[in-house]
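Working notes for the structure below.
The values are calculated or read from the model by the stated rules, or taken from the named source; none is laboratory data. Because the structure is predicted, anything quoted here is derived from the model rather than measured. Counting neighbours? That spans all protein chains shown, and the Cβs are built from the backbone with ideal geometry, glycine included.
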């Protein structure tokens, strides 16, 4: 592939500690273009995640995290990638390296997995990291992968930073089949909203965002389980930056020109993710949120997207009416998605004593960070 040839010849700096295990080579890619990185990510097994995209790394860089981009090569071609975000954990000496929703590897190939993480361990030591945190989208049912990660030294992390259980809708099917796969009540509400004259539009971003944030804030004040744990500035900047990069879209459901509900989605490759949603309290009888979901699904199909991740729902063991996310789950479930349960966050201690110190200190650091910055740490 052309991007890989260019990478080998001109746009990478290879560490002296690069690891070669059999036919695999692991490198830290330091001088690459966004197009190169995102191309490798899209072509990786599984197609990647927006939290592994080049633009996401650059956004987090502006928030104090340093992107460390690692590639796995075989016979000169990139076959797997992982973007790690490094953060200085002072007063605990050293760095934490966090791979949000990654890495993306040929998980069926034990040799590839072992080679990648041996290389990552070397790169982490070179960077001065004490802990490597990963969040692979590997199913809990893939017991063979869990065994390999255990043998490599990974341990279950204290927190799952992104909810490990989600609902995924396969958009590759025809529209009629998608509609028929919905719950009857959901399908009825979609059609009701359409008949009543609700429309779905994309607003001008800045004006739309002010309305959208107002709904988010009001919802957090009245609805249990809906917390705004990010600051207003963070939410604005992440949505704006990803929107400007072509990896975020804001949609409104409107009635007679008045916005009633909104959703912001992230996109990457053939996938999109429903990360933020909010609505006004007006004219809820028109069921705007139902048509909003459906029309966004139709928009995604028109743009070649085939994978819709509806993001967090309760863990399987917590899937009951007492869970604060129960009503969210029931709404999402109506659109015909399948529950996917991944491994969640795993930690690899690289420098044992410092890693142990960070593990003890992390909850205190987490609380202090939130108190001082009105934002969550990760």
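Check every one of the strands (runs of 3 or more DSSP E) wholly within the stretch 1-90 and list those with 3 or more residues that are within 29 Å of residue 168 (Cβ to Cβ) and at pLDDT 95 or above.
Values: elements: 19-21, 24-28, 66-74, 77-88.
Qualifying strands (runs of 3 or more DSSP E): 66-74, 77-88.
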Taking interchain pairs and intrachain pairs at least six residues apart, which have beta carbon atoms under 6 angstrom, with the first residue in the stretch 60-86 and within 17 Å of residue 33 (Cα to Cα) and assigned by TED's automatic domain parsing to the domain that holds residue 99 and the second at pLDDT 95 or above and surrounded by fewer than 17 Cβ atoms within 10 Å (Cβ to Cβ)? 67/61
Tell me yes or no: at least one residue of the stretch 218-225 is farther than 30 Å from residue 179 by Cβ, in a loop (DSSP other than H, G, I, E, B) and at pLDDT below 95. yes
Restricting attention to the stretch 267-285, the residues that are crowded, with 21+ Cβ neighbours inside 10 Å and not in a strand (DSSP E or B) number exactly 1
Mind telling me which of the residues 132, 169, 138 ends up being within 23 Å of the chain's Cα centre (by Cα) and in the same structural domain as residue 273 (by TED's automatic domain parsing)? 169
Check 263, 297, 242 and return the single one that is outside any loop (DSSP other than H, G, I, E, B) and more than 20 Å from residue 198 (Cβ to Cβ). 242
Among 321, 295, 302, 317, which is touching a residue at least 60 places away in the same chain (Cβ under 8 Å), outside the structural domain of residue 139 (by TED's automatic domain parsing) and farther than 24 Å from residue 98 by Cβ? 295
Some residue of the stretch 160-167 being within 24 Å of residue 31 (Cα to Cα) and assigned to a strand (DSSP E or B): no
Tell me, yes or no, whether the stretch 132-141 has at least one residue that is at pLDDT below 95, on the phi < 0 side of the Ramachandran plot, surrounded by fewer than 15 Cβ atoms within 10 Å (Cβ to Cβ) and in a strand (DSSP E or B). yes
